[in-house]
Amino acid sequence: MIWNPKYECMQRDELEKLQLERLKKTVERVYNNLPFYKNRLDNARIRPEDIKSLDDLKRLPFTTKDDLRENYPFGLVSAPLKDIVEVHMSSGTTGKPVVDAYTRADINLWAEVMARALVSAGATSNDVIQNAYGYGLFTGGLGVHYGANRIGAKIIPISGGQTKRQIMIMKDFSSTIITCTPSYALHIAEVAEEMGEDPTKLPVRVGILGAECWSENMRAEIEKKLGILALDIYGLTEIIGPGVAQECEYKEGLHIYEDHFLPEIIDPDTLEPVPEGEEGELVITTLTREGTTLLRYRTRDITSITYRPCRCGRSMARISKIKGRTDDMLIIRGVNIFPSQIENVLMKIDEAEPHYQLILERRKGLDELTVEVETTPEIFFDEVRKIEEIEARIAKDIEDNLGLRIQVKLVEPRSIERSMGKAKRLIDKRELK
Ligand code: DLL
C-alpha cells in the first residue's frame, strides 16, 4: 500500500516542476520574512527571481546547526510567532539546543509524511502501534503519534522506558507495530527473555526504528531476536522530526519525501555536490515548511542517494542507511572510522552480544580506541585464556574489515548501560586527562 500515490509515485519531470515552483516560493518567503536570509542572499548576490531552475539551488548559501544555535530560540522562525502552534527541540548534547517551530500547516505536513512512512512500513488502520519513542520536546513520540492518527491506526502512547510494562502492554493490547530506537528494541527483547517470554512470540510484526545509527547486521540481530521485520526511519528536529525518509519493505534505501524536502549530497570538505551513488553529507532544503524554513541545511549525516526507481513503485529518491555523522567520525592513527562500521563487524560474532561501547582515550599523545562488548555469562565466567582468544579474534576481524588495529575487551553481561532512547556508543575520556 502507498499512502499518497499522487505524490509518492510522481513522474520525475512532474516532480521537478513542483520542486522548482516550491523552491522559488520558499526563497522568496525567507528573503522577505527573515533578515538572516536576506543578508545571506544579498551577500551571495542572489535575489529570489534569480532562481530559474533546480540547478540554481547550488548558488544558495548553506545553513548550519551553528546558525540555528546562534539564533536560538526564535531568530530563524519564518512565520509570525502568533501562528506557531507547537515547538520541539533537540536534546543538544553540545552547546545550545536547536528549535523547530511549527505552524498548523507544518503539523499537518508532519502528519502527512509520517502517514507515508508508517504505511511504507506496512501499517494500516488495523494496526496497533506501540509508540515507545519519547514524548515531549523530542520529536519521535509526537511525530509517530500524528502519523498514526492520520492513518487511523490505534496508537498506544507509552513513550520510552518501563520495559517490563512495555512487554505486558504489548501482549495485553496485541501491539502489531513497535516504534522506538533500534537499541531499545534489542533491550525489549532482552527483558522479555528475562521475564521468561519468548520475544519472537510477542504479537509485534514490524519495528519502525530510527533516531540513531544502526548497521545492517544490527538489523539482522533485531529481526532474529524479536521475530519482526525491522525498518529504518530517518529524520531530524531541524527539518521536521521523524518522517523525512523511510524504508519500504524492500530495504534498499530510505525514500526521502522529495516533494517537501529537497535533498543534495555534498562533499563536506569542498562543499561541492558528489555524483549519484557516492557518499557525502546530506543537505536538505525544506520546500513547504512555514515555521522553520531552511535553505540547504547541512545535516552532518553521511549517506548516498539514488534516483533509480524502486520495486515498490514509489518514485521518491532513496538515501542509503546513515553511516554516521561527520562529527562522530573518529580518526585513529590516520584511519577514518565510524562507530557503525565497528558495530557491523561485532554483530556477526557469535560470542558477542549486541551491546557495546567505544572508549576513546589519549595515551602518550595518541588517540586509542577500545571496544567493550558484552559476552554471554557462559563465556564470561570461562577461562581467561578463552576470553583472550575471542578478544584477539574480534580484533583481527575488525582489522581485516576496517584496516585498524584496536583493543577489544569482553565485558560482563548487562554491564553496559541500556538506553531507552538514543544509545551512547562513544565514551570520550580524552578531555578528562
Ligand atoms: O532523532 C528524529 C527521529 C525520531 C528520527 C524518531 C527517527 C525516529 P534528532 O533528535 O534531532 O531527531 O536527531 C537527529 O539523529 O541528524 C541523525 O544523525 C540521527 N538519526 C535520526 N534518524 C536516524 C536513522 C530525531 N534512521 C539526528 N539512522 C540525525 C541514523 C539517524 N541516524
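The values are calculated or read from the model by the stated rules, or taken from the named source; none is laboratory data. Predicted model only: the values in this text are computed from it and were never measured. With ideal geometry, Cβ positions are generated from the backbone for all residues, glycine too; neighbour counts draw on all protein chains shown.
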### Summary
Filtering the range 317-354 for residues that are under 28 Å from P263 (Cα atoms), among the acidic types (D, E) and crowded, with 17+ Cβ neighbours inside 10 Å leaves a count of 2
### Query
Any chance the range 187-196 includes a residue that's surrounded by 24 or more Cβ atoms within 10 Å (Cβ to Cβ), within 13 Å of the ligand (Cβ to nearest atom), assigned by TED's automatic domain parsing to the domain that holds L137 and not hydroxyl-bearing (S, T, Y)?
no
### Summary
Those residues of the range 41-67 which are assigned to a helix (DSSP H, G or I), in contact (Cβ under 8 Å) with a residue 12 or more places away in the chain and within 16 Å of the ligand (Cβ to nearest atom) amount to K65, D67
## Note on the structure
the range 68-179: strands (runs of 3 or more DSSP E) wholly inside it with 3 or more residues that are within 12 Å of the ligand (Cβ to nearest atom), crowded, with 17+ Cβ neighbours inside 10 Å and in contact (Cβ under 8 Å) with a residue 24 or more places away in the chain are none
### Query
Here is a list of conditions, (1) loosely packed, with under 14 Cβ neighbours inside 10 Å; (2) without any contact (Cβ under 8 Å) to a residue 40 or more places away in the chain, and G313 meets all of them except one; can you say which number that is?
(2)
### Query
Looking at the range 205-238, which of the residues that are among the β-branched types (V, I, T) and buried (at least 22 other Cβ atoms within 10 Å of the Cβ) is farthest from the ligand (Cβ to nearest atom)?
I228
### Query
So A132 fits all but one of (1) touching a Cys at 6+ places or on another chain (Cβ under 8 Å); (2) at pLDDT below 95; what number is the exception?
(2)
### Message
Which count do you get for residues in the range 239-280 that are over 19 Å from Y307 (Cβ atoms) and within 15 Å of the ligand (Cβ to nearest atom)?
### Response
6
#### Entry: Single residue of E221, E197 found to be touching a residue at least 40 places away in the same chain (Cβ under 8 Å), farther than 30 Å from T285 by Cβ and out of contact with any Asp or Glu (no Cβ under 8 Å at 6 or more places or on another chain)
E221
